[in-house]
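As structure tokens, the structure follows; a few thoughts come after it.
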Amino acid sequence: MTSGQGEDMNDDEDLLRRCARGDAAAYRELVERVEKPLVNFILRFVGERNVAEDLFQETFVRVVKTLGSFRPEASLTTWIFTIARNLSLDWLKAKRRHREMALDAASSEEKGRIIYFKDVLRSGAAAPEDRAEATEDERRVSANLSKLSPIKREALVLRIYAGLQYSEIARIQNAPVGTVKFRIHEALKDLSQLMGAGEDRNPAAQGG
Amino acid sequence: MTCSDVRKALSGLALGDLDAEPAAEVHAHLKSCPECRAEEAAIGRTLGALRRAAPVAASTERRSAAVSAMLRAHGDQAEKLLVRPRSVAWIPLAAAAVFLLVVVAALNLRGGGTPFTVATVTHGANFRDRESGDWRPVLEGMTFSAGDRLVTEKGCKMRLTSGTAELLLDEETEVDLVAPRRFTLEAGRVMAVAPASEVLIISDRANNGVRVAGRVEVSLREIKASVAGSKEVKGQKPVIPEPTTLIKKSIVARVEKGEVALDGDRGQLLRAAAGQQGTFTFGGKPETAPLEDSRVGTWADELGEGR
């Protein structure tokens with residue numbers, strides 16, 4: 001186990017060194033390593049496919065620009081997900097600000113309102129219901145995920161879609177491992193209740 | 001275990017986070033409690049739906065776009081190195097020139113860059129075949145681009161051209177073409193000849209790099225560092241390990257014409273002009289000194305590149 005982690009660290013270091021030299025093959029290896037979980041994580045975070053694709057590219061541009069700040073105590077994967085998470089949060093905040101400006105123009109009562117971080121997350125995670133290719137599962141999951149508390153949702157998404165270890169999520173969320181486990185368990189329980197409630201309502205809605 | 005305890009533990013059970021003992025207790029309770037079983041099934045369905053609902057598949061286009069964006073970002077950072085401060089009267093012209101350079105560089109990077117063509121090769125040079133990984137002989141007229149690796153054997157020299165830039169390889173030299181206009185020197189020495197508009201970048205494995213705008217010989221030297229000190233762990237006696245020596249191969253750039261920007265592995269920058277040589281310390285700090293011998297790269301004369 002320990003030697004495996006050691007090998008991972010060596011792999012990371014070697015890959016990082018090659019990336020720092022501008023090695024195209026190393027860039028490709030890095031992108032391939034995290035592509036699917038990362039793009040799905042960002043999509044779950046921001047809720048819009050085009051934005052998720054843009055933020056995916058931007059994450060790797062940021063990786064190149066900040067290679068020097070990587071600290072080997074975190075894994076490369078954790079570091080990349082942290083960058084993606086921060087970019088996603090910035091985008092959600094900007095989106096919220098944009099919305100606030102529009103509201104301000106419409107109503108002076110809105111002026112001076114404090115924007116809370118949790119609201120930023122909630123507003124940004126709109127369900128991608130307008131996508132034609134969305135499956136039924138995806139529609140239900142997206143709709144109900146957005147109702148979870150942001151911090152629980154993030155922990156669950158990092159576990160399920162990014163496949164990160166609890167210790168890696170703990171590092172990203174800056175919380176103890178036990179807290180992260182609790183958040184994920186609670187998130188799954190809450191989501192199950194939300195989806196169960198949806199199933200209960202659907203037949204009635206169809207019948208009425 | 002009560003129903004309340006079990007329901008708190010069901011998510012952990014579904015995610016495989018429960019230890020064997022509590023998991024066995026939960027399973028025992030589930031056998032006799034239909035309400036908790038229904039709850040367990042609902043959590044299982046939710047987890048299944050979550051796992052099935054990864055909407056975005058892997059895509060070659062996405063990966064290629066990301067790699068291109070990374071190469072552009074790397075190129076943009078590198079481009080900043082050779083931009084010198086100019087007098088105010090030159091600013092509009094310089095800004096236009098930089099803009100054009102960036103556009104040209106971006107186009108080059110997007111398309112994989114202009115490949116290098118083998119203009120001259122004496123006997124015994126090989127390249128690594130990308131598909132099979134085998135080494136094959138290099139012939140005049142062949143072209144190479146990012147991802148290719150070239151080696152010259154004893155007695156062999158090679159001249160590569162790309163636009164007006166040239167790279168000359170001495171015998172027993174190995175280079176890795178890692179990006180358009182960027183090489184890693186693995187062994188031996190090269191002569192880089194490049195105008196300011198088509199700079200060549202050569203780096204070593206320690207991640208020190210030189211950006212060549214002129215005529216510059218780039219070779220490797222071994223640099224050493226002694227590592228010594230004590231390890232202290234709270235509550236234990238300090239341990240003093242034997243000093244160890246670390247060795248790196250680091251670049252030496254000898255500038256005959258033009259200049260090079262020296263880019264240390266931690267981002268330290270310095271410029272070496274004609275008549276100087278640039279080196280790096282073990283910590284990646286660039287240094288310059290006057291050339292001891294002003295004859296640079298006479299070994300390359302027989303390859304007949306335009307001086």
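We did not get these values from a lab; they are worked out from the coordinates using the rules stated. Remember, predicted model here, so these are calculated numbers, not experimental data. Here the Cβ positions follow ideal geometry from the backbone for every residue, glycine too, while neighbour counts run over all protein chains shown.
Under a crude label model (7 Å from the Cα following the beta-carbon direction), how far is residue B:285 from residue B:221 in nanometres?
So the two model labels end up 1.6 nm from each other.
Could you give the dipole magnitude of the stretch B:116-187 about its Cα centre, charging the beta-carbon of Lys and Arg +1 and that of Asp and Glu -1, in debye to the nearest 20? Intermediate values should be presented prior to the final figure.
Details: 9 positive and 13 negative charges, 43 e Å.
With Lys and Arg at +1 and Asp and Glu at -1, about 200 debye.
Would you work out the charge dipole size for the stretch B:3-52 about its Cα centre, treating the Cβ of every Lys and Arg as +1 and the Cβ of every Asp and Glu as -1, and quote it to the nearest 20 debye? Mind dumping the intermediate values first?
Values: 7 positive and 8 negative charges, 74 e Å.
The calculated dipole for the stretch B:3-52 is roughly 360 debye.
Which of the three applies to the stretch B:3-52, rounded, prolate or oblate, going by the alpha-carbon gyration tensor with a ≥ b ≥ c and a/c under 1.5 meaning rounded?
Oblate, because a/c is 1.5 or more while a/b does not exceed b/c.
Among B:118, B:212, what is the fewest-to-most ranking by other Cβ atoms within 10 Å? Kindly include the intermediate steps, with their values, before the conclusion.
Working: B:118 19, B:212 30.
Lowest to highest Cβ neighbour count: B:118, B:212.
If R0 is 51 Å, what FRET efficiency do you get for residue B:270 and residue B:35 from their C-beta distance, rounded to 0.05? Kindly include the intermediate steps, with their values, before the conclusion.
Working: r = 74 Å, r/R0 = 1.44.
My answer for the efficiency is 0.10.
Could you tell me whether the stretch B:116-303 comes out rounded, prolate or oblate from its Cα gyration tensor? Rule is a ≥ b ≥ c as square roots of the eigenvalues, rounded for a/c under 1.5, then prolate if a/b exceeds b/c, otherwise oblate. Write down the numbers at each step before the final one.
Values: a/c = 2.33, a/b = 1.59, b/c = 1.47.
Taking the square roots of the gyration eigenvalues as a ≥ b ≥ c, the stretch B:116-303 is prolate.
Which links in A:65/A:189; B:154/B:285; A:95/A:152; A:147/A:181; A:65/B:157; A:147/B:8 stretch past 30 Å when you go from one Cα to the other? Kindly include the intermediate steps, with their values, before the conclusion.
Working: A:65/A:189 40 Å; B:154/B:285 33 Å; A:95/A:152 22 Å; A:147/A:181 19 Å; A:65/B:157 36 Å; A:147/B:8 20 Å.
From the list (A:65/A:189; B:154/B:285; A:95/A:152; A:147/A:181; A:65/B:157; A:147/B:8), the Cα-Cα distance tops 30 Å for A:65/A:189; B:154/B:285; A:65/B:157.
Taking the Cβ-Cβ separation of residue B:64 and residue A:149 as r and a Förster radius of 60 Å, what is the calculated FRET efficiency to the nearest 0.05? Can you show the working numbers first?
Details: r = 37 Å, r/R0 = 0.62.
Approximately 0.95, to the nearest 0.05.
Taking the number of other C-beta atoms within 10 Å as the exposure measure, put B:144, B:280 in order starting with the fewest.
Working: B:144 18, B:280 28.
With the sparsest Cβ surroundings first, the list reads B:144, B:280.
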